[in-house]
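The values are calculated or read from the model by the stated rules, or taken from the named source; none is laboratory data. Bear in mind that the values here come from a model prediction, so they are computed numbers and not experimental data. With ideal geometry, Cβ positions are generated from the backbone for all residues, glycine too; neighbour counts draw on all protein chains shown.
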């Protein structure tokens, strides 16, 4: 609710204010009433209303599809001429399953995330024990809404 108020009063801005996603969002927020913002907040704060679909699939692999930038920001696998696999190395490569849908910023976009072999086990070790380098992750449930 505070973010909406900040957009409306101009204290929250984009570094490029005329860019379409930002200016469109602000234009749609300005006419909303406090009651509408409160109603939206109450809806999205309810865990029963959150998205439950799995949007990401993590795959451990030695090779990944070669990619290119599609549109202005989506990294998509190359199809057709130039299509090939390349070593993943130490990278994490995230690609949309349907680049055309993702380019349209469709919330139903799904992604495949390619990681080097052993990454999932290393991540689990880091989270559960700290991996000898840091403190383990701890879930603080005291501030969660009922």
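Values computed for the structure shown
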read-out	value
Residue list for region 74-96, filter: in a loop (DSSP other than H, G, I, E, B) and touching a residue at least 24 places away in the same chain (Cβ under 8 Å)	88, 89, 90, 91, 92
Residue in region 2-12 that is under 30 Å from residue 98 (Cα atoms) and assigned to a helix (DSSP H, G or I) present	no
One residue from 144, 108 being at pLDDT below 80 and closer than 17 Å to residue 54 by Cα	108
